[in-house]
1. Quick check on region A:222-275: of everything there that is among the hydroxyl-bearing types (Ser, Thr, Tyr) and surrounded by 15 or more Cβ atoms within 10 Å (Cβ to Cβ), which residue is nearest to the other protein chains (Cβ to nearest Cβ)?
2. Part of a strand (DSSP E or B), under 25 Å from B:Trp263 (Cβ atoms) and polar (S, T, N, Q) - does that describe any residue in region B:126-143?
3. Inspect region B:197-211 for any residue being out of contact with any Cys (no Cβ under 7 Å at 6 or more places or on another chain), within 14 Å of chain A (Cβ to nearest Cβ) and of a type outside the set (Phe, Trp, Tyr) and give the result as yes or no.
4. Return a yes/no flag: does region B:83-90 have any residue that is of a type in the set (Phe, Trp, Tyr) and out of contact with any strand residue (DSSP E or B) (no Cβ under 9 Å at 6 or more places or on another chain).
5. Where in region B:12-98 are there helices (runs of 4 or more DSSP H), lying wholly inside it, with at least 3 residues that are under 25 Å from B:Gly138 (Cβ atoms), in contact (Cβ under 8 Å) with a residue 24 or more places away in the chain and within 14 Å of another protein chain (Cβ to nearest Cβ)?
6. Name the residue, out of A:Ala57, A:Ala23, that is out of contact with any Leu (no Cβ under 8 Å at 6 or more places or on another chain) and over 15 Å from B:Ile252 (Cα atoms).
7. What number goes with the only condition from (1) surrounded by 21 or more Cβ atoms within 10 Å (Cβ to Cβ); (2) farther than 23 Å from A:Gln222 by Cα; (3) of a type outside the set (Phe, Trp, Tyr) that A:Leu54 does not pass?
8. Keeping to region A:156-196, report how many residues are buried (at least 24 other Cβ atoms within 10 Å of the Cβ) and away from chain B (no Cβ under 13 Å).
There are 2 protein chains.
Amino acid sequence: MPKMKIGVFDSGLGGLFVMRALAQKLPRYDYVYLGDTARVPYGNRSPQVVHQFLEEAVDFLFKRGCGLVIVACNTASAEALRKIQQDYLPKHYPSRRVLGVIIPTVEEALAGKSRGAANAPSIRRLGVLATQGTVRSGTYAREAQKLAPHIKVFQSAAPLLVPLIENGGTKWAEPIVREYLAPLRRAKAQKIILGCTHYPALKDMIRKLSGAPVVSQDELIQRKLADYLARHPEIDSRLGKTGKRELLVTDITPGYERLARKWFGKNARLKKVAL
Amino acid sequence: MPKMKIGVFDSGLGGLFVMRALAQKLPRYDYVYLGDTARVPYGNRSPQVVHQFLEEAVDFLFKRGCGLVIVACNTASAEALRKIQQDYLPKHYPSRRVLGVIIPTVEEALAGKSRGAANAPSIRRLGVLATQGTVRSGTYAREAQKLAPHIKVFQSAAPLLVPLIENGGTKWAEPIVREYLAPLRRAKAQKIILGCTHYPALKDMIRKLSGAPVVSQDELIQRKLADYLARHPEIDSRLGKTGKRELLVTDITPGYERLARKWFGKNARLKKVAL
């Protein structure tokens, strides 16, 4: 049986931050990145449309030989992942796995710096900065309350950050970031989750303006995946370990090629596919 | 033979500015608006993808009974319309028509206030503010030089304006608009075309900052269509005149419903369709 790859899916190229961290921390695995650049951004679309797009992407990645798909896109993780895991996978691909980023991020935020140590100082007020769709879904709040029933979760929708990051607008971001962070500051959030794959591009600015420690997925997903694979040797044993990487997108423009090189290294080569 | 409708297509809801002007100026006709809100914005996508999306939209509108489709989206008009008119229409729908917004807008800009009067002062330096895709296509410059071979055309890409307008960010637009207009001011453009359906939402600000008269499509397309129908009675006679309106979109969210009411009136009702 041929060895399988790890798929990393994002609505656009923001997931390259996570993909880069995975490729550094777990370099031996074979990766396929898929960015739906023809339909990015997902953050302001309806849950129905996001679900349809995610199902198409997961199906594509499984057909491309992925045994495990990481949905780096927070909007898709928040709005559509559970349905894919509960209805679509058992029916069509019962032996494969799709993992999201929301639960590991919440675990990390609640665990404190000492990562799960029993005596870590507990957080009572958690902030989340995310897209409109992720905020509307309430998934971050629900998952945090499952792990810590008395926690208060404060969310702020940041619909302009993805367009600013994707279109060279970060120099105008500061007043906008300041306004998006204001409700989280007022609520005295003790930690702030960056709930979108793109936001690591503004991490330094958000850290400066946030008034609280920031939890960024490009610093934690690689560790969470390593833990997962260690706990699931039956999945790990089916994964190829020849260090292959493939970067697939549904649309290529000079702008996307520039972003890919900026975020994934100067040898990044995009290849266009149809979902 | 049943009477046919006028289709108005846009990547999102910005085309409602044009649709509203058409419905006011030519109220007796039957209209179907189609906004591809599941895949908006088009402005930063490749010409290949924009062509594919436009072909799907035109096909949908023809199957829905449109005899004439107006492509309100400048990006689609600039990057894909000619191919649709030359290859797709003759083969699949030889008796129907697809019209863009670029040529009428250029005619208007070059005609001067007196609209085609022989003694209108001629423009020698024309500015265009548009999306990345429209600018990259060079279509505005090509069409202007066909009508006025010695004209100089200066373009400025404004990739952030559509996201700002669609996501409640216009209060942050001024420094961004100022920067996008700077090359057109430096070039001493004598008129500035707003080359995107969304830009009428920022018309007052752009007028204030532009330093030159602004040509806005929501003020001219209705007149150009009336002229076209008067010149083509064979098309006009096939169009229904019962004042019907339908607003179709590929995705509905509370945000889109709000924008539709804001831009088309409080009775605007969106209906979701699949292309």
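1. Looking at residues that are among the hydroxyl-bearing types (Ser, Thr, Tyr) and surrounded by 15 or more Cβ atoms within 10 Å (Cβ to Cβ), I get A:Thr253.
2. no
3. Within region B:197-211 (the criterion being out of contact with any Cys (no Cβ under 7 Å at 6 or more places or on another chain), within 14 Å of chain A (Cβ to nearest Cβ) and of a type outside the set (Phe, Trp, Tyr)), the answer is yes, since at least one residue qualifies.
4. Within region B:83-90, not a single residue is of a type in the set (Phe, Trp, Tyr) and out of contact with any strand residue (DSSP E or B) (no Cβ under 9 Å at 6 or more places or on another chain).
5. Answer list for region B:12-98: B:47-63, B:74-83.
6. Exactly one of A:Ala57, A:Ala23 is out of contact with any Leu (no Cβ under 8 Å at 6 or more places or on another chain) and over 15 Å from B:Ile252 (Cα atoms), namely A:Ala23.
7. (2)
8. So the count comes out to 6.
The values are calculated or read from the model by the stated rules, or taken from the named source; none is laboratory data. Computed from a prediction, not measured in an experiment: that's the story for all the values here. No Cβ is skipped: glycine too gets one built from the backbone with ideal geometry, and neighbour counts run over all protein chains shown.
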